[in-house]
Amino acid sequence: MRRFLHEAGALLATLGGLDMLVFTAVVAEHSATIRARMCASLEYLGIELDEAANQANAAVISSPTSRVTVVVEPSNEEWVCALDAWHITQVGT
């Protein structure tokens, strides 16, 4: 959690705030507990989690009154690798 807070703080300072928080990849995509802990550590930004939506792995897990939209975006690493391989094989054809 300490690493997350450090990196989030650096990004927030660089970007000047946060409009949307996106959870992706295997752990964040499938763990309501981890998402809840991370969002709780950023409550000072106005993040309000909809606990039912979070538990259901909904696409949008922030409450309607949250100042920051929180979403869960499924990842597909296999597709990205296949697409990259396809692009590489197309070079020079």
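Read-outs throughout are calculated quantities, based only on the coordinates presented, and are distinct from any laboratory measurement. Remember, predicted model here, so these are calculated numbers, not experimental data. Backbone-built Cβ (ideal geometry, glycine too); neighbour counts: all protein chains shown.
A simple spin-label model places pseudo-atoms 7 Å from Cα toward Cβ; at A28 and R3 they are separated by 1.3 nm.
Here the sum of -39500 (n - 2.57) over DSSP H runs of 4 or more residues, divided by the residues of the chain, equals -14500 deg cm²/dmol at 222 nm, to the nearest 500. Assuming charge only on the beta carbon of Lys and Arg (+1) and of Asp and Glu (-1), the dipole of the chain about its Cα centre is about 300 debye to the nearest 20. The angle between the Cα long axis of helix 32-41 and the main principal axis of the chain comes to about 60°, on a 0 to 90 degree scale.
A straight chain from A59 to S41 at 0.36 nm per residue would run longer than the Cα-Cα distance by 4.4 nm. Note on region 2-89: Cα-only Rg and Dmax are 14.9, 48 Å. Computed from Cα positions, the angle between helix 77-89 and the longest principal axis of the chain comes to roughly 30 degrees.
Against the chain, whose longest principal axis is taken from its Cα atoms, helix 2-15 shows a tilt of about 80°. Of the residues L18, L42, V91, the one whose Cα sits farthest towards the positive end of the charge dipole of the chain is L42 (charges of +1 on Lys and Arg Cβ, -1 on Asp and Glu Cβ, taken about the Cα centre).
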